[in-house]
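Input: a single structure, listed below in structure tokens.
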Amino acid sequence: MAAPNSDAGEVCRSDFPAGFVFGVATSAYQVEGATNEDGKGDNIWDVFTKINGYIKDGSNADISVDQYHRYKEDVELIAKLGFEAYRFSISWSRIFPDGLGNKVNEKGIAYYNHLIDYLLKNGIQPYVTLYHWDLPYNLHVSEGGWLSEKVVEYFALYAEVCFARFGDRVKHWMTINEPLQTAVNGYSIGIFAPGRRDSPYKEPYLAAHYQILAHAAAVDVYRKKFKATQGGEIGLVVDCEWAEAFSDKEQDKVSVERRLDFQLGWFLDPIFYGDYPAVMRERLGDHLPQFTQKDKELLQNAIDFIGLNHYTTKLIAHSSDNSESPFYEAQEMERIVKWQGGELIGERAASEWLYIVPWGLRKVLNYIARKYKNFPIYVTENGMDDEENESATLNDFLNDEKRVRYFKGYLGAVAQAIRDGVDVRGYFAWSLLDNFEWAQGYTKRFGLVYVDYKNGLKRYPKSSAFWFSHFLKDKSDNGVGQS
Ligand code: GBH
């Protein structure tokens, strides 16, 4: 007998292996609020958001959705919906207010202890990111932040405190979220904190270099001091749009390879193969830093799983006159959203960059598996946004059929990749709640749960949350056997 509530061919939970984990994701600066409480130091986003012109609606995350005070309600919601895991990040400047590792702020530790304990009490596994873009501001101004070699040691120190204080309960760690975004948008295009754009040929590659080394240093600390007793795993989170060739022309196919090397190879090749992709060395010359022999030893296999944030797919064509930014110029390609015939690659979400192309996720998972030794992968973020709209009703936002279609499509693509033989271990929807969407402020809503910013930050699960909940709870198998 067919499983009662799933249409033929529609994705269902039994398409995923036993032990596959489903969760929701957020990040500290985007949801916590309480930016000035309990001894927390400023981070680069606290400062960046206050500078006129960087955030679309002039907002900041001083309050955001106030998870710092409402974590119990949010954890209960996660549990009620049936998710088994919560991916959140720790705010570095809550632990070390000046970033220098002088003195642990016990109140910051206490907050995460409470959150972790409450998750576990509700049967939810914590998946913890150490760095999701919120560098302690003092570390940036006094030491040069990601541009200075010193940040590697400071990050390792911070990581060590997190392992020591939380690692008895946290078994899944991620060092850094999307180092690409920090490097390119933070240090070349300047639309993200710290908003640097004066040295776009050089700084992004330095900022990436020290993030990679910081990752490796944290993994080293974990393996040497904690792994044996705590038994957890630790990974890096990269972001990658799938790149589909615009045409059959050889040049377009080659530009696809280049695009993927500049997105993924930039961060994964040093860990898996000991150096940056050859094409980056050719094109960037002296701007690309060198790894010392010691770096290479530290980097070698410094990863237990790959975290993949994936939202969308672009068509890629060779192009020698991409003046968008030096980063894209070096890649000699352009990103296109319409097929040659003029048809859109997929339906657009609210964000200008986000087209709904589920098959792209299957392809990128297969690509990673092929290139990186069929390594374990977690999809650590996947989701889409609606535009904030003052004249829309609450119900308009709650009936998010488009998001339901998005999740069905993308989960189907993950299930396909698993059947293809890719070792995918888990999937995290972005995001639990509507929240502070960086340079877009509150103008974009990525949540499975709506937040009413005008009325006490009340949470309302959207249709997609209910759909997910049903998907998660429906353990009947797909077609044969029990009903
Ligand atoms: C994720 O990045 C982040 O990890 C998460 O915090 C965020 O909320 C989520 O995306 C949704 O955006 O197109 O260059 O003008 C995904 C990669 C990087 C995609 C920045 C959008 C927007 C700037 N994102 N990019 S750009």
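Just so it is clear, none of the values below were taken in a lab; they were calculated from the coordinates. Just so it is clear, the model here is predicted, and its values are computed rather than measured. Glycine gets a Cβ as well: all are built from the backbone with ideal geometry, and neighbour counts include every protein chain shown.
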task = Taking amide H positions as placed in the peptide plane 1.01 Å from N, state which residues far from Asp239 in sequence (5 or more) or on other chains have amide H under 5 Å from it.
result = Glu178, Leu180, Asn309
Sequence-separation-based contact order of region 408-464, relative, with Cα cut under 8 Å and 6+ spacing, percent = 22
request  = Given the peptides 465-473, 337-345, arrange them by the average over their residues of other C-beta atoms within 10 Å, most packed first.
outcome  = 465-473, 337-345
ask   = What is the Cα coordinate range of region 3-81 on the first, second and third principal axes, sorted by size from largest, in whole angstrom?
value = 53, 29, 19
query = What is the distance, in nm, between label points placed 7 Å from the Cα along the Cα-to-Cβ direction at Ala439 and at Ser247?
reply = 3.1
Evaluated over region 295-409, the Cα radius of gyration and Dmax, each in Å = 18.0, 57
task = Search the structure for amide H atoms under 5 Å from the amide H of Glu233, placed 1.01 Å from N in the peptide plane, and list their residues when 5 or more places away or on another chain.
result = His172, Trp173
Distance from region 170-221 to region 23-85 (C-alpha centre basis), Å = 21
Length gained when the stretch Lys150-Glu297 is fully extended (0.36 nm per residue, less Cα-Cα span) = 51.0 nm
query = For the chain, what is the mean residue ellipticity at 222 nm derived from helices alone (per DSSP H run of n ≥ 4: -39500 (n - 2.57); sum divided by total residues; nearest 500 deg cm²/dmol)?
reply = -11000 deg cm²/dmol
Taking only Cα atoms of the chain, radius of gyration then Dmax in Å = 21.5, 66
ask   = Across all directions of projection, what mean area in square nanometres is found for the Cα convex hull of region 217-317?
value = 7.7
ask   = Across 10 Å bins from the origin, how do the percents of Cα pairs in region 129-245 run, short distances first?
value = 14, 43, 29, 12, 2
message = Need the full-extension length gain, Glu37 to Val104, defined as separation in residues times 0.36 nm minus the C-alpha distance. One decimal, nm.
response = 22.6 nm
message = Under 8 Å for C-alpha pairs, at least 6 residues apart: give me the relative contact order for the chain, rounded to a whole percent.
response = 19
request  = Compare the peptides 404-417, 244-257, 367-380 by average per-residue count of other Cβ atoms within 10 angstrom and give them in order, highest first.
outcome  = 404-417, 367-380, 244-257
key: For region 337-483: Kirkwood Rh in Å [reciprocal of mean 1/r, alpha carbons]   = 16.9
